[in-house]
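These notes concern the structure reproduced below.
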């Protein structure tokens, strides 16, 4: 599901490889927790995060697991169950966000929902031309719940966030680059080489200065992240989420990610 | 000047590696191309780049044929 390699120069490559498109559920969270626990930040100066899956970086939260969790558990357990999962995923996202190494996300294809939220923990994004960014959560009657909106607010203007959130539309790589969301746009299959070159450049800098610069400029919006969790749970406990998840799970449509 | 639908068929055929000569404007594009949702998302990016437009996903709801998609593209040019 996840592969972590560290080379002699101090560059780590974390490759997500869960078919069909790196859906984020308990197993992915466990794997990411393992990376945060085991990553030797004294040995690594840059972490590259990418996907080996054909469809894209990540299609977001594992909706089938979320549906299963809601239907299998008694209603009174929904609130504490959702809250516990959110606390866990937020700890992972915050962990990646604040790693004392430079983080580069390489994005191709689908980068939706929770996958977009994971990408937003990275210091810099390199998007291949095929990349598309989207917050489709309102279609499910919820808001993004993995810290995406507070993190995106650090990077782009609120009008962009309203557009993404309230329309549910996706943005292509060029537009994302023009908005300042992505540091670079490269051709198909070129993202990893661009990321390695950027990592090599980052590795030339003094480690203390590099870590200090990141900590200075990139802070966690803690209050908003907390409020987001509360709002997510409040919305998720209403009937529209379960209805939308049931429709998704029972659908035989081979193109569930289309609008 | 080449009609948008012809350019669209050429681009889609190249993207999905199918024979453009076998594609017709009124074909169901998903069936004709054998596209899954991830591939379709990629195609949207390619079309936006080629035609230098933005194609909001919600405007593509219910679009089934190459001709209908070409009409949406033309409205954005």
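A few remarks follow.
- A viscosity of 0.890 mPa s and a temperature of 25 °C, combined with the Kirkwood radius over Cα pairs in Stokes-Einstein, give a translational diffusion coefficient for the stretch B:1-50 of 223 µm²/s.
- For the peptides A:172-180, B:41-49, residues were scored by their other Cβ atoms within 10 Å and the scores averaged per peptide; the highest-first order is B:41-49, A:172-180.
- Separation of alpha-carbon centers, the stretch A:78-118 and the stretch B:40-71, rounded to whole Å: 30
- For the pair the stretch B:9-30 and the stretch A:153-229, the centres of their Cα atoms are 35 angstrom apart.
- Percentage relative contact order, chain A, counting C-alpha pairs under 8 Å, at least six apart: 21
- Summarising the strand pairing of the protein assembly as shown, around 30 percent of its internal DSSP beta bridges are antiparallel.
- Here the stretch A:144-259 was treated as a single set of alpha-carbon atoms; its pair distances binned every 10 Å from 0 give 10, 26, 34, 22, 8, 1 percent.
- Rg/Rg_globular for the stretch A:81-147, with Rg_globular taken as 2.2 N^0.38 Å and Rg from C-alpha atoms: 1.18
- For chain A, built as a Gaussian network whose Cα springs stay under 10 Å, the top-fluctuating residue of A:102, A:208, A:46: A:208
- Helix A:222-236 and the longest principal axis of the C-alpha atoms of chain A enclose an angle of approximately 30°.
- Overall form of chain A per C-alpha gyration tensor (a/c, 1.5; a/b vs b/c): prolate
- Highest-MSF residue in chain B out of B:19, B:57, B:27 [GNM, Cα springs under 10 Å]: B:57
- Helix A:207-217 axis versus longest C-alpha principal axis of chain A: approximately 40°, rounded to the nearest ten.
- Mean separation of Cα contacts under 8 Å, 6 or more apart, over the residue count of the stretch A:76-220: relative contact order %: 28
- Cα-based helix-to-principal-axis angle, A:26-38 vs chain A, degrees rounded to 10: 30
- Evaluated on the stretch A:116-180, the Kirkwood hydrodynamic radius is 12.0 Å, with distances taken between all distinct Cα atoms.
- Listed residues A:87, A:42, A:62, most fluctuating in chain A (Gaussian network, C-alpha, under 10 Å): A:42
- Taking the square roots of five times each eigenvalue of the Cα gyration tensor of the stretch A:1-105, the equivalent ellipsoid has semi-axes of 29, 16, 9 Å, listed largest first.
Just so you know, all these numbers are worked out from the coordinates, no wet-lab data involved. Since this is a predicted model, take the numbers as computed values, not measurements. We place every Cβ from the backbone using ideal geometry, glycine too, and count neighbours over all the protein chains shown.
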